[in-house]
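What follows is calculated from the coordinates using simple rules that are stated; it is not laboratory data. Keep in mind it's a predicted model, so treat the numbers as computed, not measured. So basically every Cβ, Gly included, is an ideal-geometry build from the backbone, and we count neighbours across all protein chains shown.
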Amino acid sequence: MTRLSTKHLLGIRNITQDDIELIFATADNFKQVINRPIKKVPSLRDITIANLFFENSTRTKLSFELAEKRLSADVINFSASGSSVKKGETLIDTVNNILAMKVDMVVMRHANPGAALFLSKHVQAKIINAGDGAHEHPTQALLDAFSIREKLGEVRGKKIAIIGDILHSRVALSNIHCLKKLGAEVMVCGPRTLMPKYMGGLDVKVEHDLNKALKWCDVANMLRIQLERQEIKYFPSLREYTMQYGLDKKRLDSIGKKIVIMHPGPINRGVEITSDVADSDQSIILDQVENGVAVRMAVLYLLAGRTEN
Ligand code: CP
């Protein structure tokens, strides 16, 4: 297969296993490119990409921008803070004004689930979802699975535990879809109050005991507690959360085997993970960041190559 089945990347739920494998094969090539002395290729010359960030980001924003520049695209960046959104301009008006400047592709992060889908129905440009509320974060899931494949040789048959605040996590949902499509076994682990009821319908194991999850898995993907999305209290205190669900070196060493540690970032050091684990030789957290550039180059390149609807 040489083309994606989709014009936009709105989520992992609506792409195929073949799409994911094509993205990985393309990212393998781009990973070689970004490790060469000359890191730039002319693939997206004459393509203009707008990065629209209506919500805060460090990794995703910088990674997309670097990926676009490595592909020789023209790039414009928009952040909601300091923009006319603060004067009441709507999403569609904002985007249509940007598209009037002849933009071909839009990378968008937005706090509302479905914002990228909404945009794809109202504008001509190709849309890449860079995170929509607690819904999906497809390029994070792709770079996570790509990093597991790189570290363990393949994803199929591997046991992946996603641990922490599952309820508010777009990373969890996109990872579940991606890992299941690639043949992994997936477990989610966290407090009952942070476990969405729909997990039962996603064919994943649900566990509330961190020690059991760690003993079961080959890879532990530790998620941040998303206090900014929590309007009510889901647990008594951060200290209590850390006692039950925080991963420290003592707990990690007690399971009697070496598992791979991941985290999508940003890390709350000392809450869901301690520094001695995050910075240990079992952690691939910075590999995830490096792979993010290659995976996003692949997504941009493959979507730009799709000319038909
Ligand atoms: N992993 C991730 O999405 O990080 P940012 O919020 O910094 O982009």
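Using a 10 Å cut-off around each Cβ, can you sort Val271, Val171 from fewest to most neighbouring Cβ atoms? Walk me through the intermediate numbers first.
Working: Val271 18, Val171 26.
By the 10 Å Cβ count, ascending, the order reads Val271, Val171.
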Simple spin-label estimate for Val123/Ser5, 7 Å along Cα→Cβ, in nm, reads 2.7 nm
Checking segment 112-162 for trypsin sites (Lys or Arg not before Pro) in a loop per DSSP with at most 12 other beta-carbon atoms within 10 Å yields Arg156
Ordered by fewest other Cβ atoms within 10 Å, a rough proxy for footprinting exposure, Arg296, Arg3, Arg70 read Arg3, Arg70, Arg296
Residue-ordered couplings for segment 196-212, obtained by feeding phi - 60° into the Karplus form 6.51 cos²θ - 1.76 cosθ + 1.60 and rounding to whole Hz (Gly and Pro as x), are x, 5, 6, 4, x, x, 9, 6, 10, 6, 10, 9, 10, 9, 4, 4, 5
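Stick to Cα atoms and the Kirkwood definition of Rh, then tell me Rg/Rh for segment 1-134.
Details: Rg = 15.3 Å, Rh = 15.8 Å.
Dividing the radius of gyration by the Kirkwood radius yields 0.97.
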Taking r as the C-beta separation of Asn96 and Lys151 and R0 as 45 Å, the FRET efficiency to the nearest 0.05 is 0.55
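In percent, how large is the relative contact order of segment 138-288, given Cα pairs closer than 8 Å and 6 or more residues apart? If you can, show how the numbers build up before the last one.
Details: 251 pairs, mean separation 36.7, N = 151.
Rounded, it is 24 percent for segment 138-288.
With 36 Å as the cut-off, how large is the P(r) tail for the chain, expressed as percent of Cα-Cα pairs? Intermediate values should be presented prior to the final figure.
Working: 7876 of 47586 pairs.
Distances greater than 36 Å cover 17 percent of the Cα pairs.
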Here, trypsin sites (Lys or Arg not before Pro) of segment 176-266 satisfying both criteria (DSSP loop; at most 13 other Cβ within 10 Å) are Lys233, Lys257, Lys258
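Send over the per residue convex hull volume for segment 138-288, Cα only, as a whole number of Å³.
Values: hull volume 15.3 nm³, N = 151.
Per-residue hull volume (Cα only) is 101 Å³.
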Computed, not fitted: 222 nm per-residue ellipticity of the chain from DSSP H runs ≥ 4 (each -39500 (n - 2.57)), nearest 500, equal to -11500 deg cm²/dmol
Expressed in nanometres to one decimal, the distance between label points 7 Å along Cα→Cβ at Ser237 and Asp46 is 6.3 nm
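Counting only C-alpha contacts under 8 Å and six or more residues apart, can you give the relative contact order of the chain as a whole percent?
21 percent
Quick one, could you list the DSSP H helices from the chain stretching 20 Å or more along their long axis (Cα atoms) with average Kyte-Doolittle hydropathy of 1.0 or above?
Numbers: long enough: 17-34 (25 Å, 0.09); 138-152 (21 Å, 0.02); 285-304 (29 Å, 1.18).
Sorted by number, the helices that extend far enough and score high enough are 285-304.
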Normalised per residue, the volume inside the convex hull of the alpha-carbon atoms of segment 12-68 in Å³ amounts to 121 Å³
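Nearest-5 percent of antiparallel DSSP beta bridges in segment 158-309?
On the way: 0 of 18 bridges.
For segment 158-309, the DSSP antiparallel bridge percentage is about 0.
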Among Lys151/Lys215; Lys61/Lys258; Lys181/Lys258, the pairs whose Cα-Cα distance exceeds 28 Å are Lys61/Lys258
Distance in Å, no decimals, from the C-alpha centre of segment 231-288 to the one of segment 55-75 is 28 Å
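Applying 1/(1 + (r/R0)^6) with R0 = 22 Å to the Cβ-Cβ distance of His208 and Ser280, what FRET efficiency is obtained, to the nearest 0.05?
Details: r = 25 Å, r/R0 = 1.15.
For His208 and Ser280, the calculated efficiency is 0.30.
Contour minus end-to-end for Thr193 and Lys86, with contour as 0.36 nm per residue of separation and end-to-end as the Cα-Cα distance?
Values: separation 107, 0.36 × 107 = 38.52 nm, distance 3.40 nm.
Separation in residues times 0.36 nm, less the Cα-Cα distance, equals 35.1 nm.
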Two pseudo-spin positions, 7 Å from Cα along C-beta at Gln32 and at Arg229, lie apart in nanometres by 3.8 nm
